[in-house]
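Participant: One structure, as structure tokens, below. Some questions next.
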Amino acid sequence: MDIATARTQVTGAVLSSQVLGRIPVRGLVLVGSVALAYNYSLQTLTRGLSLQTPLAYLALVPLIAVLLGAINFRLEPKLRPIHDRQVDWIIGILLISIAGAIDFLLPSAYTTDFWQHRIDLIGLPFFAAGVIALLYGSRRLWALRWAVMFLFLAWPDPYVRFLASAIGTSTDIALYAVTASLKFLPVAQPIGNATFVVTHNGQHFSLAVGSACSGINSLVGFVILGAAFNTIFKGGILRRVLWLAAGLILVGALNVARIDLILLAGAVLGESFAIDVLHPVAGIIVFGIGGLSMLAIAPLFGLRIPQPPTPEAKPTPSRPISDPPSVRHAARHLRVATPMAVGLMLAVMLAVPDASFAHYDSLVDAFGSPTLGAIDPTAVTVSGWQSAPSSSFDQASSYFGARATWQRVPFSMTMPAATGVPSSVYLDVIRTDDAGSLSAYGVQACYNFHGYTQVLGGSSDVGAGVQASVAGFRSPISGTDWSILWWEWPFNAGGQTRYERLVLLAPLNSAGQSGGTSTATFQTAQSTLESLARSIVSAGMNDRATTDTGTLP
């Protein structure tokens, strides 16, 4: 090989290395690892984009976090390196372990409550932070801290708790403003109950403004967008708060203008154009105008977006021909490739439990709202069993709250029972507004208090992600033992979340049996209760909750 050929090969290798160096391989691995580990959690958020819900904009949080991270790399392209990679590995593995504990351990402890509160999304920022520490080091993790913390905004539970009280107020304010504006723009007539009558070509039709149309969607969206900009802006904290407050006022005012515009379109162009053409896009347009307007006037609040530093020219390195690039960069490539491989491997491990969360979807939607209606125990039908009239217990309000109810429906077999199979079963249904009261007055605690001895215990999957508790209790005196199965789940009561405990109780006659009911009899009764529970859960899946959001959702 002559010198010219060798020089050409070296130059080509250097150029190839420079081209590959421009591809953010570590960044792609970072985003891919997070997307893989939380594949189902992120999918459920994405589904919300097509829904008329105040939480629809939460699907944009991960994307905005990625953009914030990219901006951070532009603003701080070079950080002083920390050569002790052991610290990076310790921090990274610790953070990923926290995310793994949330996904692997908490679902079994919380069952349906896990998905109702979307605890899986709490682990998302921990995993992202851990992978950043592995790939880029702890110093870069600190520089990206706001982008990582921004991921906590994808957690729906705090919004749900806040919106429960804010939606009513937001709707009242919007309706008051729209009604006042119609005095100057008489295109509709308010008739009460959030309804307006519009006249087009002599024909009357009504448009109702639902809670989602009150502007709460846009307000939540601007809080998310404003929080992102506030991590970038340069300026005092008070200036940022004032800018955010002004943005919320502007977005609220623009939403009133949007409703007026829809009413005006209905009066001029008809109901079909107003609802089918203008309404689906008006919200997005108005929100975009509000966001761009607030960004444009940010300097009036003394806020500015910093400019990235000017890149310094890098001289082309000259290396001896005898030192091939493959050898020169092998050690560096290994140091970079190892954490990427570990990050992808850990992402695959977390992807398995995350994908398994799909079975909770039948009970709770992506934003933690129950999808089931209340089960009517008197209407429950189970093949091979016949129900009798129900009875109620007045003690419900004493234990579970003023609005709590407690119903009991007896069931008896319609055919001769096999040996060991209970011929009668009771279904208790307790409903309450306070989930904590169900924990305070548990089934096991009740039987222990009355002196029963628990001889069996455990859990059973009765469908739809419901893990029911099972137990066998022996009477303190000769008489009736009990095999019991119970579970608790949330249900939607006209847009409000309430809680329900369903208990199946099988009385077992222990008379004439030495030592009480045998373990085999308890197990047979338990199998019977599990079969009944699966039938009830399956029937409950067909009783979906419906919520009226109005004509203009």
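Participant: Counting each pair of different Cα atoms once, what's the Kirkwood radius of segment 159-301 in Å, rounded to one decimal?
Facilitator: 16.2
Participant: Further question: Across segment 154-161, in residue order, what do the Karplus-derived ³J(HN,Hα) couplings come to in whole Hz, using 6.51 cos²θ - 1.76 cosθ + 1.60 with θ = phi - 60° and x for Gly and Pro?
Facilitator: Rounded to whole hertz, the list is 7, 7, x, 4, x, 5, 4, 5.
Participant: Which of the trypsin sites (Lys or Arg not before Pro) found in segment 57-105 are loop residues per DSSP with 11 or fewer other Cβ atoms within 10 Å of their Cβ? Let's see the in-between values first.
Facilitator: Values: sites: ARG74, LYS78, ARG85; in loops: LYS78.
Passing both the DSSP loop test and the Cβ count: LYS78.
Participant: Then there is this: For a Förster distance of 60 Å, can you work out the FRET efficiency between the beta-carbons of ARG304 and THR519, rounded to the nearest 0.05? Provide the component values of the computation, followed by the final result.
Facilitator: On the way: r = 74 Å, r/R0 = 1.24.
It comes to 0.20.
Participant: Once phi is turned into θ = phi - 60°, what whole-Hz ³J(HN,Hα) does the Karplus curve with 6.51, -1.76 and 1.60 give for every residue of segment 167-173, x standing for Gly and Pro?
Facilitator: 4, x, 5, 4, 5, 4, 5
Participant: Under the √(5λ) rule applied to the eigenvalues of the Cα gyration tensor, what semi-axes describe the equivalent ellipsoid of segment 377-541? Give them in Å, descending. It would help to have the intermediate numbers written out before the result.
Facilitator: Details: eigenvalues 134, 72, 42 Å².
The equivalent ellipsoid of segment 377-541 has semi-axes of 26, 19, 14 Å.
Participant: Given the Cα-Cα distance of ARG139 and ALA341 and 0.36 nm per residue of separation, how much length would full extension add, in nm?
Facilitator: 70.7 nm
Participant: With labels modelled as points extended 7 Å from the Cα through the Cβ direction, what inter-label distance (nm, one decimal) is found for LEU185 paired with ASN39?
Facilitator: Spacing of the two 7 Å Cα→Cβ label points: 4.8 nm.
Participant: Considering only the other residues whose Cβ falls under 10 Å of the Cβ of TYR136, what net charge follows from Lys and Arg at +1 and Asp and Glu at -1?
Facilitator: Working: positive: ARG26, ARG139, ARG140; negative: ASP88.
Result for the local shell: +2.
Participant: Segment 136-244: which chymotrypsin sites (Phe, Trp or Tyr not before Pro) are DSSP loop and have at most 14 other beta-carbon atoms within 10 angstrom? The partial results should precede the final answer.
Facilitator: Details: sites: TYR136, TRP142, TRP146, PHE150, PHE152, TYR159, PHE162, TYR176, PHE184, PHE196, PHE205, PHE222, PHE229, PHE233, TRP243; in loops: PHE184, PHE233.
Answer by residue number: PHE184.
Participant: Roughly speaking, what is the centre-to-centre gap between segment 249-282 and segment 447-526 when only Cα atoms are used, to the nearest Å?
Facilitator: 55
Participant: Stretched out fully, how many nm does the piece from THR419 to SER392 gain, at 0.36 nm a residue minus the Cα gap? Please list the in-between numbers first.
Facilitator: Details: separation 27, 0.36 × 27 = 9.72 nm, distance 3.14 nm.
Result for the pair: 6.6 nm of gain on full extension.
No value in this document is a laboratory result; all are computed from the given coordinates. Given the structure is predicted, the values throughout are model-derived calculations rather than measurements. Quick reminder, even Gly has a Cβ in these numbers, built from the backbone with ideal geometry, and neighbours come from all protein chains shown.
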